[in-house]
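Undergrad: Sharing a structure here in structure tokens format.
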Amino acid sequence: MSENALVTTDTASYTADTSEFNKLNYQPIFPVLTTTVKLDLPLAEMKAGLLQLAGESQNYEGGFTTFFNRQELDHVTGIKALKEAIYGVSCAFGRELKYECNYDKCSIQLWVNVMRKGGYHPPHNHARSTFSGTFYVEVNDDMSPFVFFNPTKDLRMHDPMVRPADAGPFTSEQMIIKPQPGSMSVWPSWLYHHVPQMQVDGPRISLSFNVDFLPPGA
């Protein structure tokens, strides 16, 4: 069938209102909302404190994290202000999504990642949380980006190929984010993501977090 099969070209016998008939009305269905904000925090002091904490040690391939031991970070300059920003942004995000939560009660889990050459984070999501996110202390365009995976990718059965240069948010298998120092991204915790292997020395310094709100009335 021709792509023009629904559109008549015989104007002598048929005049259509093109604002109503034969118009393709594209509408996104089930989009995933994320948010990004730039925070005015003391990045130099935060970097110094986090590097002092990490030293040269590694507790996973190519990197150091406090995720495993839940080490408290409040003694590092800027962390308390970051936690306040995480709470405020998460509340605003939840209300934008019309989530019914107890916005006065939530838990925030925060950990540092210091990634060097060879380090990477495999594809994963964050179970048992409402929102997850990352605040970037030290990063540049030569370091590994942050990558979201299209949640519909594994559900597609017969989609034709789309050239990478032509792919958009509805056809791409992934969305690559190049973060900037001082930027914070927040997303629903179920959304899969990863950090590709670092090809430069770094350090790439970030603070990741989970936010979990209690239900209404709790």
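Undergrad: Set the Förster radius R0 to 22 Å, insert the Cβ-Cβ distance between Leu33 and Asp166 as r into 1/(1 + (r/R0)^6), and round the FRET efficiency to 0.05.
TA: 0.40
Undergrad: Give me a comma-separated list of calculated 3J(HN,Hα) values for the range 24-35, in order, Karplus coefficients 6.51, -1.76, 1.60 applied at θ = phi - 60°, integers in Hz, x for any Gly or Pro.
TA: 7, 9, 6, 9, x, 10, 6, x, 9, 8, 10, 9
Undergrad: For labels at Glu96 and Ala127 in the simple 7 Å Cα→Cβ model, what's the distance in nm?
TA: 2.9 nm
Undergrad: Kindly express, to the nearest 10 degrees and within the range 0 to 90, the angle between helix 43-54's C-alpha long axis and the longest C-alpha principal axis of the chain.
TA: 60 degrees
Undergrad: Report the calculated FRET efficiency for Asn59 and Ala81 (r = Cβ-Cβ distance, R0 = 25 Å), to the nearest 0.05.
TA: About 0.40, to the nearest 0.05.
Undergrad: If you build the Cα gyration tensor of the range 27-143 and take the root of 5 times each eigenvalue, what three semi-axes come out, in whole angstrom, biggest first?
TA: Each semi-axis is the square root of five times an eigenvalue, giving 27, 18, 15 Å.
Undergrad: Taking only Cα atoms of the range 104-183, what ratio of Rg to Rh do you get with Rh as the Kirkwood inverse-distance radius?
TA: 1.02
Undergrad: Using θ = phi - 60° and the Karplus curve 6.51 cos²θ - 1.76 cosθ + 1.60, what whole-Hz ³J(HN,Hα) does each residue of the range 153-169 get, with Gly and Pro shown as x?
TA: 4, 7, 9, 7, 10, 9, 6, x, 5, 10, 4, x, 5, 9, 6, x, x
Undergrad: Counting only residues 5 or more places away or on other chains, whose amide H sits under 5 Å from the amide H of Tyr192 once H atoms are built in the peptide plane?
TA: Long-range HN contacts for Tyr192: Phe149.
Undergrad: Return one number: the angle in degrees, 0 to 90 and rounded to the nearest 10, between the long axis of the Cα atoms of helix 79-96 and the longest principal axis of the Cα atoms of the chain.
TA: 20 degrees
Undergrad: I need to check one value: relative contact order of the range 131-218, counting alpha carbon pairs closer than 8 Å and at least 6 residues apart, in percent.
TA: For the range 131-218, the relative contact order is 56 percent.
Undergrad: Additional query: I want to check the label-to-label distance for Tyr26 and Met157. Put each point 7 Å from Cα in the C-beta direction and report it in nm to one decimal.
TA: Result for the modelled spin labels: 2.6 nm.
Undergrad: From the backbone phi of the range 181-187, what are the Karplus-calculated ³J(HN,Hα) couplings (6.51 cos²θ - 1.76 cosθ + 1.60, θ = phi - 60°) in whole Hz, Gly and Pro given as x?
TA: For the range 181-187, the Karplus-derived couplings read x, x, 8, 10, 10, 10, 8 Hz, x marking Gly and Pro.
Undergrad: How much net charge surrounds Thr152 when only the other residues with a Cβ under 10 Å from the Cβ of Thr152 are counted, with Lys and Arg +1 and Asp and Glu -1?
TA: Net charge in that neighbourhood comes out at -1.
Undergrad: Eigenvalues of the Cα gyration tensor times 5, then square-rooted: what semi-axes does that give for the chain, in whole angstrom, largest first?
TA: Equivalent-ellipsoid dimensions as semi-axes: 42, 23, 15 Å.
Undergrad: Have a look at Asn69, Thr152, Leu82 and report the one farthest towards the positive end of the charge dipole of the chain, computed about the Cα centre with Cβ charges (Lys/Arg +1, Asp/Glu -1).
TA: So the residue we want is Asn69.
Undergrad: Anyone know which of Tyr60, Tyr120, Tyr136 comes out most mobile in the 10 Å Cα GNM of the chain?
TA: Answer for the Gaussian network model of the chain: Tyr60.
Undergrad: Can I ask one more? Note down the magnitude of the dipole of the chain about its Cα centre, charges +1 on Lys and Arg C-beta and -1 on Asp and Glu C-beta and zero elsewhere, to the nearest 20 debye.
TA: Dipole about the Cα centre, nearest 20: 480 debye.
Undergrad: Same structure again: Under 10 Å, Cα contacts only: if you run a Gaussian network model on the chain, which one of Phe30, Phe170, Phe93 comes out with the highest mean-square fluctuation?
TA: Phe30
Undergrad: Using Cα pairs under 8 angstrom and six or more residues apart, how large is the relative contact order of the range 55-190, in percent?
TA: 30 percent
Readers should treat all values here as calculations from the given coordinates under stated rules, not as data from a laboratory. All of these numbers come straight from a predicted model, not from anything done at the bench. Don't worry about glycine lacking a Cβ; one is built from the backbone with ideal geometry, like all the others, and counts go over all protein chains shown.
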